[in-house]
Amino acid sequence: MKAVIVLSLVPLVLTAGPFDVSLLQVQAGRPLGEDVPFEVKPMGYEPGAKLSFLVRGENLVAFKDDSVEIKSFKLGDGREWSRTRSGKANWKQESFSKVGEDGKVGSFTVGFPGDLFGSLEGASLDGTITAVTASKAEEKKIELTAGDKTKKPLGPFEISAAEGGGFLGGGGDGTSITITGDHKAVVEITVMDGGTKLDGNGSSSMNDAKTYHFDKAKGEKLAVTVRYWTDLKEEAVPFKMEPVKK
């Protein structure tokens, strides 16, 4: 059963340069056997433990994917849980970390496998995550032809337009704009079809290319505006969890 549990852990605030990091939430779920059908499992059930951290600072843009490194995760019963018996990483940086619009607060989550009920009490953790920061942005405009996959230069990127506006590129009933480059720097893309601004329908990415999906344009000529950060930086941010000292 998955539960949000309150542990006797220090509400540690760790100052790392311009960042303060604190433990925000702990979730734990016991692994279930095959005899427990899906319809019996609690809503949102996942086995293992998840530790969520809150980051406060300035100019936050994102947290780099797969950038968490755990130096140590010692459980309350004394077991070291940061790596498997063969030395492989025993953690997973969860997807969809979040950063506020003002760049002053964000959160990320780290997951661990196993039945950790009773072992999280008194556990300690020491790790780092890479924060992406920026403070300066600019805009570039370009005219593209709907359905033309030819890549054109735009600032530090290459950009093209193609048919298909559904999530993950599904369907041919929309318009898509693909940006190749460091798409973490992209703040916003606006697509004008004549005097009409096209509504967005999500995005999908693969390697260094990210595709933004929009409603289908009625005309061929698209006025595209891309707003992006010009001074992206990466910084390793340490975070910790400590048990209450009795």
Net +/- balance of residues flanking K240 in space, Cβ distance below 10 Å, scoring K and R +1, D and E -1: -1
Rounded Å value of the spacing that divides the Cα centres of region 48-105 and region 123-158: 23 Å
Whole-percent carbon and sulfur share, accessible surface of the chain, 1.4 Å: 50 percent
Between region 23-43 and region 185-246, the Cα center-to-center distance that results, in Å: 33 Å
Accessible surface ranking that places the most exposed of D173, D126 first, with a 1.4 angstrom probe: D173, D126
Residue-normalised accessible area of the chain, given per residue in Å² at a 1.4 Å probe: 56 Å²
Given [x] 53, 47, 33; [y] 49, 43, 38; [z] 67, 48, 32, the label whose value is Cα extents along the principal axes in Å derived from this model: [z]
R0 of 25 Å, Cβ-Cβ distance F38-F96: FRET efficiency to nearest 0.05: 0.65
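The values are calculated or read from the model by the stated rules, or taken from the named source; none is laboratory data. Every value quoted in this text rests on a predicted model; they were computed, and no experiment measured them. Cβ sites come from the backbone with ideal geometry, for glycine too, and all protein chains shown count toward neighbours. Surface accessibility is based on the protein's heavy atoms, side chains included, excluding ligands, DNA and RNA. Shrake-Rupley method; radii C 1.70, N 1.55, O 1.52, S 1.80 Å.
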